[in-house]
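The values are calculated or read from the model by the stated rules, or taken from the named source; none is laboratory data. These numbers come from a predicted model, not from an experiment. Note that each Cβ is placed from the backbone with ideal geometry, even for glycine, and that neighbours are counted across all protein chains shown. Accessible surface is based on the protein model in full, side chains and every heavy atom, while ligands, DNA and RNA are left aside. Shrake-Rupley method; radii C 1.70, N 1.55, O 1.52, S 1.80 Å.
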Amino acid sequence: MQLRKHAPSGALLASLLALPKLASAFYLPGVAPTSYKQGDAVPLYVNAIRPVGDADSVLHSVLSWDYYHPMFQFCAPEEGAQSVGASLGSILFGDRIKTSAFELKMRQNETCKKQCEVTYGQNAAQFINQQIQEGVSLNWLVDGLPAGQKTVDVLSDTEFTNPGFLLGEQLDDGRIKFNNHYDIIIEYHEVNGNNGQYRVVGVIVQPESRKYTGEIGPDTCNTAPDIVELSETGDTKTRFTYSVYWIESTTAWATRWDKYLHVYDPKIQWFSLINSSVIVVFLVLTVMSILVRALKKDIARYNRLDQINLDDLSGTSVLEDGVQEDSGWKLVHGDVFRNPSHPLLLSVFLGSGTQLFVMAGFTIAFALLGFLSPSNRGSLGTITVLLYTVLGFVGGYTSARMYKSLHGEKWKLNIILTPLLVPGIVFTVFFLLNLFLWAEESSGAVPFTTMLVLIFIWFLISVPLSFTGSWLAFRAPAIEPPVRTNQIPRQIPPVTTYLKPIPSMLLVGLLPFGAIFVELYFIMTSIWFSRIYYMFGFLFLCYGLMIITCAAVTVLLVYFLLCAENYNWQWRAFLAAGTSGGYIFLNALIYWVTKLALSGFTGSVLYIGYSALISFLFFILTGTIGYFASWLFVRKIYSSIKID
């Protein structure tokens with residue numbers, strides 16, 4: 001088997017550097033529709049063949065295949081299949097869009113039109129039968145709309161269009177049928193005020209398996225009762241046919257995507273959102289109680305004792321000792337801003353985390369406002385990569401600013417590591433996982449030229465911006481702590497069990513994960529089962545709830561640590577909040593056991609590898625949120641008391 005070549009490197013480079021398809025970089029409903037006249041050719045493009053799971057919604061593979069993979073032997077155009085220009089995000093997410101041999105003409109029906117005849121050998125039959133059992137689907141595009149099949153949601157009794165259609169099906173008697181005929185039903189409507197102009201508003205494909213024995217004519221497709229079974233012991237001749245039916249529809253062009261955007265169970269998401277909101281309200285009230293009652297009371301008492309100390313030094317010391325027994329966080333004022341261990345690594349993580357935080361916020365906001373539509377394939381991935389690249393300035397500035405405040409001396413190493421460490425880890429893992437895809441000749445393998453383009457973009461844009469941010473941050477004055485740090489570190493007394501590193505990390509990391517647990521399920525289903533994800537309103541709210549939850553629980557942990565006279569809060573705050581990433585990885589493993597039945601070693605490695613990569617980025621993100629929330633909290637409370 002040989003993996004087919006993808007888009008030329010020059011076209012990729014031009015498309016990436018020019019923000020691919022600049023005219024459609026942002027989608028607004030109703031912009032740039034394509035109108036056709038009677039008889040105009042309507043192109044049908046084919047995309048990668050992807051697994052969508054079997055009849056029991058169990059996924060058996062994560063590998064996708066090129067539509068014109070030699071094993072499938074689908075009919076190609078006479079001039080050869082040509083790659084269709086795609087954006088960076090589209091390529092990274094596995095789209096391999098190419099021209100096809102299907103001939104569609106506006107409002108002209110075709111009945112049982114022959115395409116080509118092929119012969120499948122034993123190896124091809126075994127390969128295709130395995131793909132059918134694993135539930136792979138074909139993916140076509142007509143005027144930007146994915147061809148799909150109508151499906152009824154049994155829970156809500158609503159009809160929607162599910163993108164893609166099966167390559168074949170395993171029957172109850174164990175036989176495996178191979179679909180070789182396609183009824184293509186295209187819905188269209190006439191443009192208002194412009195007679196003779198039509199637009200595509202829906203595409204349905206009904207695949208059939210029909211074994212032809214004689215000449216193919218207009219009525220042959222309806223008189224072929226037998227199914228096509230690919231023999232694994234000999235050759236099988238198969239003829240491909242298709243029919244085209246044009247149906248006028250009242251659907252408006254601006255709402256033609258509505259039938260694809262289906263919420264499988266909105267009640268679950270609303271319940272999750274309400275549940276997370278209740279948790280957040282409880283946590284915020286708890287933190288406010290600490291801030292308003294305990295801290296305000298402590299600060300007033302400390303300041304009152306300092307005033308008494310000015311009047312009567314001997315009498316004050318007894319009172320102060322009594323107060324110190326009640327509350328211990330003031331006792332560590334001389335150590336609370338002591339530099340943590342490995343300040344260089346912490347500052348680099350904080351810079352990358354801030355970059356991720358801002359990128360995620362902008363991306364979700366753009367998607368929520370409708371700028372990232374599923375009709376603009378790959379726009380979400382493209383915007384994510386470009387935003388993270390441009391926000392290198394933010395990462396460099398934050399990292400250098402924090403490193404300078406921690407009195408780090410290896411400032412040159414900080415400037416270099418900030419744009420290279422975390423992105424380098426991500427790219428290395430991504431490249432290694434891509435090697436497995438290359439070895440399997442999967443179309444999901446990102447072309448080597450695209451890898452080079454990513455590296456060029458990174459070193460030409462992100463790294464210089466990061467260096468610029470770091471340079472400006474090191475020139476700025478250092479952020480001084482509100483209290484002085486003692487020369488001799490204070491001894492840390494033993495802490496209770498729940499304040500020890502492992503128990504506290506497990507407790508703190510669980511709550512932010514709980515705020516996004518249900519939405520995470522829908523996101524993972526969208527990624528692995530090739531479904532359209534569009535519920536960015538829920539995602540926006542869950543993201544906000546996660547930020548508040550993460551900040552609140554980390555502040556609580558730091559407050560309890562300081563009261564226990566443990567001033568090593570910096571790494572504890574980062575790691576405790578970042579443990580949410582560990583819960584995400586654990587959830588991915590549970591999802592792997594319950595919803596997936598990956599048959600090959602490569603599929604398992606890819607799933608675990610990508611899950612670990614996502615969990616690592618989430619660890620950096622939530623750890624940064626927890627750290628800065630705690631940092632602001634600590635600076636606030638120690639700037640509110642008077643220290644002699």
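Points to keep in mind about this one:
- Annotation: extensible slack from Ile590 through Gln170 equals 148.4 nm (criterion: 0.36 nm per residue apart, minus Cα-Cα distance).
- Angle between the chain longest axis and helix 343-368 axis [Cα atoms, degrees, rounded to 10]: 50
- Where only DSSP H runs of four or more residues are counted, the chain gives -16000 deg cm²/dmol as its mean residue ellipticity at 222 nm, each run worth -39500 (n - 2.57).
- Checking the Cα-Cα distances for Lys330/Lys412; Lys150/Lys595; Lys330/Lys410; Lys98/Lys237; Lys105/Lys259 against a 29 Å cut-off, the pairs over it are Lys330/Lys412; Lys330/Lys410.
- Length-normalised contact order of the chain in % [C-alpha pairs under 8 Å, at least 6 apart]: 17
- Take the Cα of Ala254, step 7 Å toward its Cβ, do the same at Ile608, and the gap between the two points is 5.1 nm.
- Sequence-distant residues sharing a close amide H with Ala597 (under 5 Å, placed H): Leu59, His60
- Relative packing of peptides 425-437, 393-405 - highest average C-beta neighbours within 10 Å first: 393-405, 425-437
- Between Phe601 and Asn275, full extension at 0.36 nm per residue minus the direct alpha carbon distance yields a gain of 113.5 nm.
- In terms of Cα atoms, the Rg and Dmax of the chain work out to 30.1, 113 Å.
- To the nearest ten degrees, helix 122-133 and the longest principal axis of the Cα atoms of the chain are 60 degrees apart.
- Accessible area ranking (1.4 Å probe, heavy atoms, ligands and nucleic acids excluded), largest first, for Trp458, Trp592, Trp140: Trp592, Trp458, Trp140.
- Label-reachable residues, region 84-103, where backbone N falls under 19 Å from a point 7 Å from Cys116's Cα toward its Cβ: 84, 96-103
- Region 92-221: Cα Rg divided by the 2.2 N^0.38 Å rule of thumb: 1.23
- Tilt relative to the chain, helix 463-475 - C-alpha long axis, 0 to 90 degrees, to 10: 10
- J(HN,Hα) series, region 521-534, from Karplus relation 6.51 cos²θ - 1.76 cosθ + 1.60, nearest Hz, glycine and proline x: 4, 5, 5, 5, 4, 5, 5, 8, 9, 6, 9, 7, 9, 9
- Using θ = phi - 60° and Karplus 6.51 cos²θ - 1.76 cosθ + 1.60, couplings along region 160-173 (whole Hz; Gly, Pro as x): 8, 9, 9, x, x, 8, 5, 5, x, 7, 8, 7, 4, 7
- Gain in span if fully extended, Phe448 to Arg475, counting 0.36 nm per residue against the direct Cα distance: 5.8 nm
- Spin-label model, Asp226/Ala365: points 7 Å from Cα along the beta carbon direction are separated by 6.4 nm.
- Nonlocal amide H pairs with Gly444, under 5 Å, H built at 1.01 Å: Ser64
- Residues in region 440-454 carry Karplus couplings, in order, of 8, 6, 7, 6, x, 5, 6, x, 4, 5, 5, 4, 5, 4, 4 Hz; the curve used is 6.51 cos²θ - 1.76 cosθ + 1.60 with θ = phi - 60°, and Gly or Pro positions show x.
- In this Cβ point-charge picture (+1 for Lys and Arg, -1 for Asp and Glu), the chain has a dipole of about 1980 debye about its Cα centre.
- Cα gyration tensor category, rounded, prolate or oblate, for region 423-532 with a/c compared to 1.5: oblate
- Unmatched cysteines, the chain - criterion: no other Cβ of a Cys under 4.7 angstrom: Cys542, Cys550, Cys563
- Whole-angstrom gap from region 370-409 to region 58-92, using each part's C-alpha centre: 31
- A 1.4 Å probe over all protein chains sorts Asp40, Asp95 by accessible area into Asp40, Asp95, starting with the largest.
- In this simple spin-label model, placing a label point 7 Å from the Cα along the Cα-to-Cβ direction at both Glu78 and Leu435 gives a separation of 4.6 nm.
- Distance between region 579-644 and region 208-253 - C-alpha centres, whole angstrom: 50
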